[in-house]
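Below is one structure, written out as structure tokens, with a few remarks after it.
The values are calculated or read from the model by the stated rules, or taken from the named source; none is laboratory data. Keep in mind that what you see is a predicted model, and the values were worked out from it rather than measured. All Cβ positions, glycine included, derive from the backbone under ideal geometry; neighbour counts span all protein chains shown.
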């Protein structure tokens, strides 16, 4: 092969990936870098944004316990949501996988269907059911005399966890479902023939093999919950802020863009660390199952 | 008394009958093969013995006890699956130990038995390997050790060698036979490979469309096929249309220009079948023309066009000169080498 042809071959991958690469750099990397830079700028009520390099915003976030509370709540909600989806979603996927053909597709649609509906609509559904005295469920239970006061749901962390778990459930079910697909269809019969009962089969044979699916589902659910905006904004409102709603308020209400940028950058950095770290742990722990 | 007995066993899925009227008596220590094309019901029968499926009708008895009344986990049968179904998250030793754990075998004895079982299948030193780090043949051995370590009353093998390449399959066949002879476990093998069935089993159950076509030793099923299906399925065979003429005395069986004294019984149109290796080229007999001649090392394979249709002939490569393509020949065989049945 001639030298120029070799050169051309070496250039080809770059030429072919250039459009996607430019899009990636243009709409992701540059805005991201600008947000990070923004977080080091100064801001004042009257002077607006000043393009200088100071650590004021970061100092405020680290020292003011208000922000610690925000981030604490964000990750507490994300962890509880992840646990709830895992506890409910894994059995759900297992049962779904054991259904016969026709029912399987019906229920798969039931599980995935909500993905077609906006998160806002789904969350407002919860608000309609449990929102104060006028919530449908609250009204019914109160008129039936089961409860005296409405069930506290709106503006509570429990409410946010429940609503988020509902929104995130399809991701967990799909992830576990994918792991179940990789299972040898005869594996339960093999364990059965060796004398294992149904509980032992689930605990010793099925669970260890779908664990990678549960964990990768957990990573998706955790990162989506920690950065979720619509559900916390509707259920938690201004009373129970999380990192995402906090950044939004700083940007659009206080107009303190640099502080909002610092909050957003910290959330992103924390999420990247947690996701990459746990992914590495999972891959090492389950190397044999993943191969 | 039979050790394992199946009596009139049938399985229906909705309106479809997958296995029908399956009766078989297996002696202790016997090696039985269920042989048939895919969809003939052989795996379904195996799964009914294992307990993964319940028979629609009929009885399965082990040492006189009703097996269908026992939960599959309590039957104590060893099963090797086509896909091996090893537990990928456990090491080879943990896989083999699982059945013993379920039986609450104390740890010391368990370790010893696992080591012995793995050594028996030639995998000593592989205890800590995970199945996905092993070759197909090694996985197959782990599956065999896992099934045998629990000292099963019956060993069920569901196409265990079909995922191995030809050379390894042959090695495993010999090894499987040796292990089975040594420990004397009653074994049932499901296979669609006639060579495998013939080289391994004491008796073969040939199945087609859910029914038993023939039960017999490998020689019996090969030499004396009970039906056209069996003779076609077990090895190659030539079917010729022939007639038995009882008007002349003595009566003759005539196929083209080949003829022989007629056997007792039938008359009129019949079908005769002869194995390719039993046909010889002679001076007189069925006239034919060689269409293709293929050299296969230890034997020659001839495709001929005869008076009675296409014929396959296999001749040992004994150093003698063989007819060439296009040559006119006469096919001849000994009357006792052919099977005679009613015309199709």
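Summary table below
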{"quantity": "So residue B:44, is it buried (at least 18 other Cβ atoms within 10 Å of the Cβ), within 14 Å of chain A (Cβ to nearest Cβ) and more than 20 Å from residue A:191 (Cβ to Cβ)", "calculated": "yes"}
{"quantity": "Top-ranked residue in region B:64-86 [being within 7 Å of chain A (Cβ to nearest Cβ) and touching a strand residue (DSSP E or B) at 6+ places or on another chain (Cβ under 6 Å); ranked as surrounded by the fewest Cβ atoms within 10 Å (Cβ to Cβ)]", "calculated": "B:81"}
{"quantity": "Residues (farther than 22 Å from residue B:244 by Cβ and under 22 Å from the mean Cα position of the chain (by Cα)) located in region B:270-287", "calculated": "B:276, B:277"}
{"quantity": "Members of region B:1-33 found to be under 19 Å from the mean Cα position of the chain (by Cα), loosely packed, with under 15 Cβ neighbours inside 10 Å and more than 16 Å from residue B:155 (Cα to Cα), listed by number", "calculated": "B:23"}
{"quantity": "Test: residue in region A:168-178 that is under 25 Å from residue B:52 (Cα atoms) and within 14 Å of chain B (Cβ to nearest Cβ)", "calculated": "no"}
{"quantity": "One residue from B:251, B:255 being surrounded by 11 or more Cβ atoms within 10 Å (Cβ to Cβ) and without any contact (Cβ under 8 Å) to a residue 40 or more places away in the chain", "calculated": "B:251"}
{"quantity": "For residue A:271: the one exception among (1) within 14 Å of chain B (Cβ to nearest Cβ); (2) within 20 Å of the chain's Cα centre (by Cα)", "calculated": "(1)"}
{"quantity": "Verdict on residue A:213 being under 17 Å from the mean Cα position of the chain (by Cα), at pLDDT below 95 and within 27 Å of residue B:91 (Cα to Cα)", "calculated": "yes"}
{"quantity": "Residue, farthest from the other protein chains (Cβ to nearest Cβ), within region B:136-179, restricted to residues that are under 22 Å from residue B:49 (Cβ atoms), assigned to a helix (DSSP H, G or I) and more than 17 Å from the chain's Cα centre (by Cα)", "calculated": "B:179"}
{"quantity": "Of all residues in region B:258-272 being in contact with a strand residue (DSSP E or B) (Cβ under 8 Å, 6 or more places away or on another chain) and without any contact (Cβ under 8 Å) to a residue 60 or more places away in the chain, the one that is surrounded by the most Cβ atoms within 10 Å (Cβ to Cβ)", "calculated": "B:262"}
{"quantity": "Unmet criterion (only one of (1) farther than 21 Å from residue B:199 by Cα; (2) outside any strand (DSSP E or B); (3) touching a strand residue (DSSP E or B) at 6+ places or on another chain (Cβ under 8 Å)) for residue B:8", "calculated": "(2)"}
{"quantity": "The lone exception for residue B:209 - which of (1) more than 14 Å from every other protein chain (Cβ to nearest Cβ); (2) closer than 15 Å to residue B:31 by Cβ it fails", "calculated": "(2)"}
{"quantity": "Any hit, region B:13-36, residues being within 14 Å of chain A (Cβ to nearest Cβ), out of contact with any helix residue (DSSP H, G or I) (no Cβ under 7 Å at 6 or more places or on another chain) and without any contact (Cβ under 8 Å) to a residue 12 or more places away in the chain", "calculated": "yes"}
{"quantity": "Criterion (under 23 Å from residue B:227 (Cα atoms), surrounded by fewer than 14 Cβ atoms within 10 Å (Cβ to Cβ) and touching a residue at least 40 places away in the same chain (Cβ under 8 Å)) met by exactly one of B:334, B:278", "calculated": "B:334"}
{"quantity": "Residue match in region A:150-163 (condition: crowded, with 17+ Cβ neighbours inside 10 Å, in a helix (DSSP H, G or I) and within 14 Å of chain B (Cβ to nearest Cβ))", "calculated": "no"}
{"quantity": "All positions within region A:185-234 that are in a loop (DSSP other than H, G, I, E, B) and facing chain B (nearest Cβ under 9 Å)", "calculated": "A:185, A:186, A:194, A:195, A:196, A:197"}
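The rows are residues; the columns are (1) surrounded by 22 or more Cβ atoms within 10 Å (Cβ to Cβ); (2) within 22 Å of residue B:182 (Cβ to Cβ); (3) within 14 Å of chain A (Cβ to nearest Cβ).
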residue: B:92; (1), (2), (3): yes, yes, yes
residue: B:98; (1), (2), (3): yes, no, yes
residue: B:102; (1), (2), (3): no, no, yes
residue: B:108; (1), (2), (3): no, no, no
residue: B:113; (1), (2), (3): no, yes, yes
residue: B:118; (1), (2), (3): yes, yes, no
residue: B:124; (1), (2), (3): no, yes, no
residue: B:127; (1), (2), (3): no, yes, no
residue: B:130; (1), (2), (3): no, no, yes
